[in-house]
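Reading through the structure tokens given below for one structure.
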């Protein structure tokens, strides 16, 4: 009897979610959760709330670094290193309510309670934002999960994972919360009118006067806004605080005088300290470039850089032409604006950048000369608060002899406390590397710093770093920095009368 043959059956294919495709399932779920949560935050994850006299919109955004960003459109943004978590808090200032603002002007006594009011408003807004964000991420991830998987169970799992991710981010933000970040803000701004007024970089040469005025206006606008948003007490006008503007390496850029003049006015500067390289070649023809210094509105302390010649120094030493200028060399010290400052000129004159093989030894000798002068000042009862030299290698020799040492030369900022306790602050180029900066692929930034010192102890309290985009650019940034709680070295009190400059 013949055996009946069964019909052939094709093997049932494995589900795409098994075998080699199984590994992609977790990755796909992560993508759905993250993208869905992000869409939810974009759609409904924001809260409009009143903060003091301002109407604001608060939003959570995905971020790798965290922090808080306060957008004051179109002027710029204030950034705070408030926390480290994969979410950032964005606060958009929509408008300043004229009624509430006028009430503060007419009734100044209300300012005393403004801080508590703002704190309460922010706390209330943050709570509402947290609740709305939870609903937003769960809704967004669940809806996207349902659209992708078409299975309610997986869609709910995506929503649950999104909520867990947001909760973990909240815990991370809470654990790394830095309440002191408000004391060290960073403001970045954009002068939107400058490109239309000045044009592109090719027209900078022909419209350089306009460009200088726009840069000065940019600094003015940014510092005014920073003044309004800053909360550090030493920033506000205070007779107990000394304000020092540190500039360096102007390199024959006339725009620098407009910027310095604006900073002197906006920050109520007591003393300007220039750590050299004001010129480019140090020739007598360049001397007239220095004439605006007499009208800057503050005492001007200057040391010679390697691009400044003895001819330059002699011209600036003319008291009839520059009654506000104090030229320091060979460790000479002066008392200006309540500060005792000593400095030494660069021993080298190398406008063509020759002779670097001898630089280290020559600078070391100059630094030791300055250090010896500081010790002599200490013995005579007139201790120095700030030492100034152009090259960092020279001023490093004063470590342990003075609380604060200033230098330039390297065209970038550097701040460190040396082994002996002296804080070394190196300023970048306030002239943006000078007009020769157009030779580079990217223009150098324009850099300056405002130092706040206690008038009684002459101890550094804080400093603001001002950064402008280079030649032809119109961006600006102001960032606040605080020294360590216990500075390693402070100015000793004088044991005798302090001589006048």
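Structural remarks
- Restricting 80, 89 to residues that are under 24 Å from residue 39 (Cα atoms), surrounded by 12 or more Cβ atoms within 10 Å (Cβ to Cβ), at pLDDT 65 or above and touching a helix residue (DSSP H, G or I) at 6+ places or on another chain (Cβ under 9 Å) narrows the list to 89.
- Counted as qualifying within the range 238-311 are the strands (runs of 3 or more DSSP E) with 1 or more residues that are under 21 Å from residue 444 (Cβ atoms), namely 241-247, 271-274.
- Top-ranked residue in the range 11-47 [being modelled with pLDDT of 55 or more and assigned to a loop (DSSP other than H, G, I, E, B); ranked as nearest to the chain's Cα centre (by Cα)]: 45
- The residues listed here are 332, 340, 243, 304; of these, the one that is in contact with a helix residue (DSSP H, G or I) (Cβ under 6 Å, 6 or more places away or on another chain) and farther than 16 Å from residue 430 by Cα is 243.
- Residue within the range 328-344 that is in contact with a strand residue (DSSP E or B) (Cβ under 8 Å, 6 or more places away or on another chain), assigned to a loop (DSSP other than H, G, I, E, B) and over 25 Å from residue 401 (Cα atoms) present: no
- Residue match in the range 262-276 (condition: surrounded by fewer than 22 Cβ atoms within 10 Å (Cβ to Cβ), under 29 Å from the mean Cα position of the chain (by Cα), farther than 23 Å from residue 424 by Cα and at pLDDT 95 or above): no
- If only residues of the range 401-412 that are at pLDDT 95 or above and assigned to a loop (DSSP other than H, G, I, E, B) are counted, the one that is farthest from residue 433 (Cα to Cα) is 401.
The values are calculated or read from the model by the stated rules, or taken from the named source; none is laboratory data. In this text, all values refer to a predicted model and were calculated from it rather than measured experimentally. A quick note on method: Cβ atoms are made from the backbone with ideal geometry, for glycine too, and the neighbour counts reach across all protein chains shown.
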